[in-house]
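Structure record follows, encoded as structure tokens.
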Amino acid sequence: YSATLQISEPNEFDIMLVMPVARLQLEESDDTGAYYYLTFKRNPKEKNLLKFLDEDGKLSAFKMLQALREIIKQEVKNIKNVDVTVTRKKAGSPAITLQIKNPPSEISVDIILTLEVQQSWPASTQDGLKIEQWLGTKVRRELKYRSLYLVAKQNKREKVLRGNTWRLSFSHIEKALMNNHGNSKTCCESDGPKCCRKGCLKLLKYLLEQLKMKYPKELEKFCSYHVKTAVFHSCVMWPNDTDWHLGDLDHCFQKCLGYFVECLQKSQLPHFFIPKYNLLSLEDKASNHFLSRQLNHQLNNRFPLFQE
């Protein structure tokens, strides 16, 4: 999905490798409501996955990723005419990364192991996805019927990193929200009025990308997901298509940015689907404030970064 929203030459791609699983038992691994231990119910249909259980009977993300990495390494050997290497991302990253060196430029592809379960979303999501005013109750109900995605993701907060936590993922829902983003059905359709919601997201992502390049150390905690979340909250705060006229891009962009800066100053940005999960922790107050200062500087000086 990232590729469609990158402004500069897209060189990073995410591919979700989705594995359907019949039924899982989810147990919260901490108080965020985002990270879970997974176990099978009695007599699982997934006999082939039993070898990936750890000693406590929990499904080990680490073991599954190891096996997947081996399969991918074998497959990559069969690719003759392209230079592909399998690289290790940071420890605890859920992705297996392929570096593809071939003209015109090098690209990296993250393969993300994702389990898809046809069961209702866990309790932590109950008060999330507050889109009633924006897209309506019916759309919310339909989206919440969609299956649950879990990605192999190490929980940083765990004292002992065992590699057996999984994180909820809503990228399929986020994509649906981005594609059907209008309060009216015809927003951004060929004959409908155009809005700037996607434009705001692109500009905010670009701004953060540029700042991260300038201050990699100070801003390493931040990623485009922070910005995406802020834009979804903005869509809820300003639910009407008239709030997002394409011609008002600069004004709308500044409103979204202003909201994001407020979040940074309070160190409060609730996950859009898991409201109790704060994406900006108070421990990172210093870096939150650093980013808010940088963004304010951009805002008050007509965005020097866009001029460079």
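The values are calculated or read from the model by the stated rules, or taken from the named source; none is laboratory data. Since we're looking at a predicted model, the values are computed, not measured. A quick note on method: Cβ atoms are made from the backbone with ideal geometry, for glycine too, and the neighbour counts reach across all protein chains shown. The area values use the complete protein model at the heavy-atom level, side chains included, leaving out ligands, DNA and RNA. Shrake-Rupley method; radii C 1.70, N 1.55, O 1.52, S 1.80 Å.
Mind counting the residues in the stretch 127-138 that are open to solvent by less than 90 Å² (accessible area, probe 1.4 Å), out of contact with any helix residue (DSSP H, G or I) (no Cβ under 9 Å at 6 or more places or on another chain) and in contact (Cβ under 8 Å) with a residue 24 or more places away in the chain?
Of all residues in the stretch 127-138, those open to solvent by less than 90 Å² (accessible area, probe 1.4 Å) come to 128-129, 131-132, 134-137.
Imposing the further condition that a residue be out of contact with any helix residue (DSSP H, G or I) (no Cβ under 9 Å at 6 or more places or on another chain) reduces the set to 128, 136-137.
From the residues that got through so far, the ones that are in contact (Cβ under 8 Å) with a residue 24 or more places away in the chain too are 128.
Looking only at that region, the number is 1.
Within the stretch 193-240, the set of residues being in contact with a strand residue (DSSP E or B) (Cβ under 8 Å, 6 or more places away or on another chain) and buried (at least 21 other Cβ atoms within 10 Å of the Cβ) comprises C195, C196. There is no residue in the stretch 75-91 that is part of a loop (DSSP other than H, G, I, E, B), closer than 30 Å to K202 by Cα and at pLDDT 90 or above.
One residue is enough: does the stretch 113-120 have a residue meeting the conditions in a loop (DSSP other than H, G, I, E, B), at pLDDT 95 or above and open to solvent by less than 80 Å² (accessible area, probe 1.4 Å)? The answer is no; no qualifying residue exists. Just name the residue that is nearest to L148 (Cα to Cα) out of those in the stretch 32-53 that are in a loop (DSSP other than H, G, I, E, B) and at pLDDT 90 or above. Here the answer is A34.
Would you mind stating whether Y259 is part of a helix (DSSP H, G or I), out of contact with any strand residue (DSSP E or B) (no Cβ under 6 Å at 6 or more places or on another chain), aromatic (F, W, Y) and under 23 Å from T32 (Cβ atoms)? Before you say what the answer is, go through the steps one by one.
Numbers: part of a helix (DSSP H, G or I): yes; out of contact with any strand residue (DSSP E or B) (no Cβ under 6 Å at 6 or more places or on another chain): yes; aromatic (F, W, Y): yes; under 23 Å from T32 (Cβ atoms): yes.
So Y259 fits the description; yes.
I need the full set of residues from the stretch 232-255 which are under 19 Å from P193 (Cβ atoms) and of a type in the set (A, V, I, L, M, F, W, C), in order please. First the steps, then the outcome.
Quick first cut of the stretch 232-255, residues under 19 Å from P193 (Cβ atoms) only: 234-235, 238-253, 255.
Across the stretch 232-255, the qualifying residues are C235, W238, W244, L246, L249, C252, F253.
Considering the stretch 136-251, the qualifying helices (runs of 4 or more DSSP H), each wholly inside and each with 1 or more residues that are outside the structural domain of H271 (by the TED database) and among the basic types (K, R), run over 137-144, 171-179. Among the conditions (1) modelled with pLDDT under 95; (2) of a type in the set (G, A, S); (3) in a helix (DSSP H, G or I), the only one that S287 does not satisfy is (1).
Among the residues of the stretch 262-284, those that are within 22 Å of K217 (Cβ to Cβ) and assigned to a helix (DSSP H, G or I) comprise C263, L264, Q265, L282, E283, D284.
Could you pull out the residue among S124, S29 that is in contact with a Gly (Cβ under 7 Å, 6 or more places away or on another chain), small (G, A, S) and touching a residue at least 40 places away in the same chain (Cβ under 8 Å)?
S124
Of all residues in the stretch 139-180, those that are modelled with pLDDT under 95, within 22 Å of S234 (Cα to Cα) and buried (at least 20 other Cβ atoms within 10 Å of the Cβ) total 0.
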